[in-house]
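Data first, discussion second: the structure below is written as structure tokens.
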Ligand SMILES: [Zn+2]
């Protein structure tokens, strides 16, 4: 199997799994994965296709340096997808996979004034010092400059960018890594929203401990790959046409 074929399968699994976990938003939002070393060729979902029905062959191969982005007539990619994902793949080398969602609990936190992600549980510690914040909601990314601005905010040391009043961008070195991050981020956000809603004082984990647990997370062997393999197995049993 070629790198592109494997990337198509992995990304189709990510789309369908995101829909099953209610991380999707109608037919909006985009996931992409780079298939060239410079990140200027990447796969992304076509306009109008629902996450829950995504097939490997549906994904469009975008070539940023080609005429009309290498997209043939009859295929449509959203302009916001080109501007955001194209610039992040170009400017953030480790962002091989870029996932943008409005998943509910993380988006709730992104709408709180001056919010900083809380070190409240083990899942949250995974993101210690790994979250960047875009505090200035600027509407839909219809200009290339908006993609550049967002890519710079994300920078090279962060894997998550909270978009105020909008949603989140999560990046990783592979589909498996990025999806694993997306999953745990939403779980940790859900816990924070629920914990805050109790109105009790919160017992925060000290920074030193959070940093240590973050390191444990990042060094844990093969967790993201096992997660994606398990999700692939579920889809192979329940909706195998993602492979088409
Ligand atoms: Zn969005």
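The values are calculated or read from the model by the stated rules, or taken from the named source; none is laboratory data. Model, not experiment: these values are computed from the prediction. Note that each Cβ is placed from the backbone with ideal geometry, even for glycine, and that neighbours are counted across all protein chains shown.
Quick notes
- Being in contact (Cβ under 8 Å) with a residue 60 or more places away in the chain and more than 15 Å from the ligand (Cβ to nearest atom) is a description that applies to residue 185.
- Single match in 178, 195, 188, 210 (criterion: surrounded by 15 or more Cβ atoms within 10 Å (Cβ to Cβ) and in contact with a strand residue (DSSP E or B) (Cβ under 8 Å, 6 or more places away or on another chain)): 178
- Residue match in the stretch 51-61 (condition: farther than 23 Å from residue 5 by Cβ, within 16 Å of the ligand (Cβ to nearest atom) and at pLDDT 95 or above): no
- Given (1) in a helix (DSSP H, G or I); (2) over 17 Å from residue 186 (Cα atoms); (3) free of Cβ contacts under 8 Å to residues at least 60 places away in the same chain, number of the condition residue 19 does not satisfy: (2)
- Count - residues of the stretch 144-158 that are touching a residue at least 60 places away in the same chain (Cβ under 8 Å), surrounded by 13 or more Cβ atoms within 10 Å (Cβ to Cβ) and touching a strand residue (DSSP E or B) at 6+ places or on another chain (Cβ under 8 Å): 2
- Looking only at the stretch 83-121, and only at residues there that are free of Cβ contacts under 8 Å to residues at least 60 places away in the same chain and assigned to a loop (DSSP other than H, G, I, E, B), the one that is nearest to residue 159 (Cα to Cα): 116
- When we screen 129, 165 for residues that are away from the ligand (no atom under 12 Å from the Cβ) and on the phi > 0 side of the Ramachandran plot, the only hit is 129.
- Looking across the stretch 25-48, the residues that are within 16 Å of the ligand (Cβ to nearest atom) and either modelled with pLDDT of 95 or more or assigned to a helix (DSSP H, G or I) (or both) come down to 30, 31, 32, 44, 45.
- Residue, farthest from residue 82 (Cα to Cα), within the stretch 57-70, restricted to residues that are in contact with a helix residue (DSSP H, G or I) (Cβ under 8 Å, 6 or more places away or on another chain) and surrounded by fewer than 21 Cβ atoms within 10 Å (Cβ to Cβ): 57
- Any chance residue 141 is touching a residue at least 60 places away in the same chain (Cβ under 8 Å), touching a strand residue (DSSP E or B) at 6+ places or on another chain (Cβ under 9 Å), assigned to a loop (DSSP other than H, G, I, E, B) and surrounded by 21 or more Cβ atoms within 10 Å (Cβ to Cβ): no
- Qualifying residue in the stretch 75-82 (condition: part of a loop (DSSP other than H, G, I, E, B), closer than 26 Å to residue 6 by Cα, under 15 Å from the mean Cα position of the chain (by Cα) and within 16 Å of the ligand (Cβ to nearest atom)): no
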